[in-house]
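A short write-up of the structure that comes next.
The values are calculated or read from the model by the stated rules, or taken from the named source; none is laboratory data. None of these values were measured; they are calculated from a predicted model. As a convention, Cβ positions derive from the backbone with ideal geometry for all residues, glycine included, and neighbour counts pool all protein chains shown.
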Amino acid sequence: MSIPFIVYGLPRSRTYWLSRFLSYGDYQCGHDQIRYARGIDDVKSWLAMDFAGTSETAAAPWWRLVQNYRPDIRSVVIRRPVRDSVESWLSLDMDGVCTLDRPGTEKLFARLDHKLDQIEKRVPGVLSVRYDDLNDEATCARVFEHCLPYRHDHEWWALLASQNLQCDMRGMTRYIFANRKQINIFAGQCRLKSMALLGRAALDRADGEADGVTFQEESLDDLWRDGKQLMAEHCLTVGETADNYTRKNWPLARKLEGVGAYQIVTARMNGRMIGYLASVLTDTLEEVDAIVGVQTIFCVSQDAAGLNLGMRLERAAIKAAEDRGAKDIMLRAGVRGSGPKLGAFYRRLGAVPFGEWYKLDLRKAA
């Protein structure tokens, strides 16, 4: 199987020219392919392809994901001063496509440049070259032979060396703006997965066992303080943007909590919140002096795989509701995320089907 390669650089760092130069023999090198990804599985699929390479200006923040899924990938970093990249970007004619803001561009490019620093220091075997040195054949030859299993081809280099090859930046920007919602959701997935890789060691110490996992009732303040990353992961799992949890009806949840009708049970490992299950506890019209627990938000981090955490969290939440006087628990299997699988999960708890829920969206029916 062939080994893929990836070139990281700031925008306006000859990354498009390199994508053409490194498309040689059996290899095809893409340019800013990350804009087409809509999920982590797309990244995995690309990394599994034979004879593949890509030259990227926006992938540097996700280098840990690349290394996690393909540790043997050949990596190159192109270093151009942030100031020069910013000036080159701002000189583009983007009238009618987007508004080029200097402070925002400088901040973004500086953040990307910091990620290039990380790649240089932490990715094994990375080749780092200066942007200006790409004018020299010797430097291009080093990049060529680092990425590809071929000897440098002088004639191929000579054919491309004098060509000012640039991507259609206006067209690319239009594409990004048209697909920004999907791109932002994917970026959120990458961000959360990258953060999880940083904290994975704490979970790995459990060796797949429940040791170190604690379950407890917590307040909305606790959830809001420590559960933001997990709530963002939850939103992405069900197809929402990572920050959509901020737009839920928290004032209502706080009112319910204030009268003792809202219960949050969490799972933590080494202090990190890795699961939560919230329930509304209320009187029921079916019976006098009876309380029913209606489960609402339920999420277990993907990083807790192997801990059987979902079932253990569910049992802890049911026990907490029972201790509060609940006689029945209503468990909903939704249509998003892992919802469709929850029916079998609930049956394992001893729950039985109890009719079906239907949703009529009056905003759409109007």
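Take residues that are under 23 Å from CYS235 (Cα atoms) and tell me which of the strands (runs of 3 or more DSSP E) falling wholly in the range 267-366 contain 2 or more.
Per the criteria, 272-284, 287-300.
Kindly indicate the residue of the range 257-278 that is of a type in the set (A, V, I, L, M) and surrounded by fewer than 20 Cβ atoms within 10 Å (Cβ to Cβ) and also modelled with the highest pLDDT among those meeting that condition.
Ranking the qualifying residues of the range 257-278, first place goes to ALA261.
Here's a check for you: in the range 207-256, which residue that is closer than 15 Å to LEU277 by Cα and assigned to a loop (DSSP other than H, G, I, E, B) is nearest to the chain's Cα centre (by Cα)?
Ranking the qualifying residues of the range 207-256, first place goes to GLY227.
So ASP32 fits all but one of (1) within 19 Å of the chain's Cα centre (by Cα); (2) on the phi < 0 side of the Ramachandran plot; what number is the exception?
Every condition holds for ASP32 apart from (2).
When the residues of the range 188-243 are narrowed to those that are under 22 Å from ALA321 (Cα atoms) and polar (S, T, N, Q), which ends up modelled with the lowest pLDDT?
By that ranking, first place goes to THR214.
Does at least one position in the range 92-108 carry a residue that is surrounded by 12 or more Cβ atoms within 10 Å (Cβ to Cβ) and either on the phi > 0 side of the Ramachandran plot or touching a His at 6+ places or on another chain (Cβ under 6 Å) (or both)?
No - not one qualifying residue is present in the range 92-108.
Among the residues of the range 101-126, write down those that are hydrophobic (A, V, I, L, M, F, W, C), in contact with a strand residue (DSSP E or B) (Cβ under 8 Å, 6 or more places away or on another chain) and part of a helix (DSSP H, G or I).
LEU116, ILE119
Being of a type outside the set (A, V, I, L, M) and in a loop (DSSP other than H, G, I, E, B) is the filter; apply it to the range 127-155 and report the residue that is surrounded by the most Cβ atoms within 10 Å (Cβ to Cβ).
TYR131
Out of the residues in the range 64-93 that are of a type in the set (Gly, Ala, Ser) and touching a residue at least 24 places away in the same chain (Cβ under 8 Å), which is farthest from GLY9 (Cα to Cα)?
That would be SER88.
Out of GLY96, GLY25, I need the residue that is free of Cβ contacts under 8 Å to residues at least 12 places away in the same chain and part of a loop (DSSP other than H, G, I, E, B). Which one?
Among GLY96, GLY25, only GLY96 is free of Cβ contacts under 8 Å to residues at least 12 places away in the same chain and part of a loop (DSSP other than H, G, I, E, B).
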